Every structure is written in C-alpha cells, then in structure tokens.
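K.L.:
Can you keep this structure in mind? I'll have questions shortly.
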C-alpha cells in the first residue's frame with residue numbers, strides 16, 4: 001500500500017475495422033481491473049493519471065472501480081481533444097477558445113453553441 005502516483009497507459013488501440021463498442025468492452029476490462037488494484041493496493045491519497053485513449057471514458061471506469069480513492073485524485077490527458085476543438089472552433093469564431101465541447105469518436109459531436117470564448 002505505497003503507491004503515490006499511478007499512470008495508466010494500457011488501453012486497447014482501436015483497429016481500423018474495430019467498432020467503438022468493441023474497443024469500449026476491452027477497455028472496461030482493463031481499467032476496471034486497474035481501478036480495483038488501485039483500490040486494494042494504493043494509498044488513498046494516490047494521484048491517478050489516465051492516458052490510454054479514450055482517456056475521459058477510461059478515467060471514469062478506473063475511478064468508479066476504486067471507490068475508496070477520492071474522485072478528485074483522478075485525472076486524464078485530453079489535450080488531443082482540446083487541440084481538435086480549438087482547431088475546429090478557432091477559425092469559425094475567429095478567436096481563441098478557452099473552453100469547448102469536443103468530439104472524440106463517431107458517437108460524440110462538438111457543440112459550438114455552448115463553447116466559451118476567452119472565458
């Protein structure tokens with residue numbers, strides 16, 4: 001019980017012919033297992049960074065599988081999604097974007113109506 005920091009890299013890469021739900025099922029097994037291991041073996045103050053894509057979904061799976069670790073101790077890398085949104089919205093709004101809704105798969109879509117500009 002002496003894990004201070006956990007970086008979760010292992011996610012199922014999406015093959016060319018793989019559907020999102022197939023990737024999701026594989027990642028559920030991976031991140032549920034990692035979350036349970038953290039819940040059992042890590043300090044309750046552990047800081048967890050999820051990198052494996054889709055990071056936001058995988059982070060949620062790990063977090064809910066480790067109920068004894070505070071949710072605020074979990075974070076994920078979503079900079080790629082932020083960059084995609086800024087690229088899409090930057091030209092449309094002719095300004096920098098400070099906050100945005102992003103698309104990370106065919107089942108998620110950007111919503112420019114609620115994006116904030118410099119806010």
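The values are calculated or read from the model by the stated rules, or taken from the named source; none is laboratory data. Just so it is clear, the model here is predicted, and its values are computed rather than measured. Quick reminder, even Gly has a Cβ in these numbers, built from the backbone with ideal geometry, and neighbours come from all protein chains shown.
K.L.:
Note down all Cβ pairs under 6 Å where the first residue falls in the stretch 24-36 and is in contact (Cβ under 8 Å) with a residue 12 or more places away in the chain, the second is surrounded by 16 or more Cβ atoms within 10 Å (Cβ to Cβ) and in a helix (DSSP H, G or I), and they're at least six residues apart or on different chains.
P.N.:
Listed by first residue and then by second, the contacts come to 27/58; 28/61; 31/58; 31/61; 31/62; 32/61; 34/62; 35/62.
K.L.:
Can you tell me which residue is nearest to residue 4 (Cα to Cα) among those in the stretch 42-85 that are surrounded by fewer than 13 Cβ atoms within 10 Å (Cβ to Cβ) and modelled with pLDDT of 95 or more?
P.N.:
Top of the filtered list is 45.
K.L.:
Let me ask something else. Output the number of residues of the stretch 1-41 satisfying the condition of being surrounded by fewer than 14 Cβ atoms within 10 Å (Cβ to Cβ) and assigned to a helix (DSSP H, G or I).
P.N.:
6
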